[in-house]
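The values are calculated or read from the model by the stated rules, or taken from the named source; none is laboratory data. Quick caveat: nothing in here was measured; it's all calculated off a predicted structure. Neighbour counts are summed over all protein chains in view; Cβ atoms, including those assigned to glycine, are modelled from backbone coordinates with ideal geometry. For the accessible areas, the whole protein counts, side chains as well, though only heavy atoms, and no ligand, DNA or RNA atoms are used. Shrake-Rupley method; radii C 1.70, N 1.55, O 1.52, S 1.80 Å.
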Amino acid sequence: MSANRVGILISGRGSNMLAILDTIERGDLDAEVAVVISNDPKAAGIAAARARGVRVEVLDHRAARSREDHDRRMAAVLEAAGVRLVCLAGYMRLLTPWFVERFAGRILNIHPSLLPAFPGLDAQKQAIDHGVRMTGCTVHFVVAEMDAGPIVLQAPVAVRDDDTPETLAARILKEEHRIYSEAIRMFFEGGLQMAGRRAIRKG
Ligand code: GRF
């Protein structure tokens, strides 16, 4: 068992979650996914994680009294599981300031653009609509403002003339799967932390 316990929050298919599990299984990342939490009982990632023997908790946000109530339930599960790092992987809800403060400097997210360009939903379509030649993906620390925290890693992906949001998303996803595990490794091995706008390694 690794001391580097990770909790993953999902809302959908969970391909980034699976890529992290693959990297751990290959022995390329010294970490353990202690728990996966889905806010959506219909998320395909739930069955995918269970099929890999990973503990999954379904915490339907619609059952909570408020956004903070939901986040407090998630925090209780994560803390009881001894999680040191929380990874958002297609988690489609904005975290409350309470949660972000509770896990300050210990939450990562992956976003399918080179932030600060194209935050929010449909980042790949935003990139095509804007006509950029280069987009990509970003792993960043999570702060209360959406897609705005210190940047840990980015990978560029060229936009082709005939790209659709789907074809572009597929090429970006390959890079997401690579850099998310790399960022987790930097967190645990490099003592990655937030310092103002930057993500830096301790020491
Ligand atoms: C990814 O494109 C990620 O960047 C974004 O949501 C998508 C999640 O995909 N935040 P998956 O659930 O990991 O397959």
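Couple of notes before you dig in:
- Neighbourhood charge, 15 Å Cβ-Cβ cut-off, centred on Ala158 and excluding it, Lys, Arg +1 and Asp, Glu -1: 0
- Against the chain, whose longest principal axis is taken from its Cα atoms, helix 67-80 shows a tilt of about 70°.
- Cβ-Cβ FRET estimate between Arg55 and Asp28, R0 fixed at 22 Å, reported to 0.05: 0.50
- Charge dipole of the chain about the Cα centre (unit charges at C-beta), most positive-ward option of Ala127, His70, Ala155: His70
- Rolling a 1.4 Å probe over the protein heavy atoms gives the range 27-85 an accessible area of 49 Å² per residue.
- Between the helical axis of 15-25 and the longest alpha-carbon principal axis of the chain there is an angle of about 70 degrees.
- Nonpolar atom fraction for the chain, defined as the carbon and sulfur part of the 1.4 Å probe accessible area, stands at 52 percent.
- Whole-Å semi-axes of the ellipsoid equivalent to the range 1-157 (Cα gyration tensor, √5λ, descending): 25, 19, 15
- The range 1-26 and the range 75-127: distance between their alpha carbon centers, rounded to Å: 14
- Rounded FRET efficiency, nearest 0.05, which uses the C-beta distance separating Arg72 from Ile200 and R0 of 25 Å: 0.25
- Dimensionless Rg over Rh [the range 47-97; C-alpha; Kirkwood]: 0.96
- Inter-site label distance for Lys125 and Ala148 at 7 Å from Cα along Cβ, in nm: 2.4
- Computed magnitude of the charge dipole of the chain (debye, nearest 20; Cβ of K, R +1, Cβ of D, E -1): 420
- Heavy-atom surface of the range 138-185, accessible at 1.4 Å and reported per residue (Å²): 46
- If only the Cβ of Lys and Arg carry +1 and only the Cβ of Asp and Glu carry -1, the dipole of the range 7-60 around its Cα centre is close to 220 debye.
- Candidate lysines for bridging to Lys125, where Cα separation is under 28 Å - those fewer than 8 sequence places away on the same chain excluded: Lys42, Lys174
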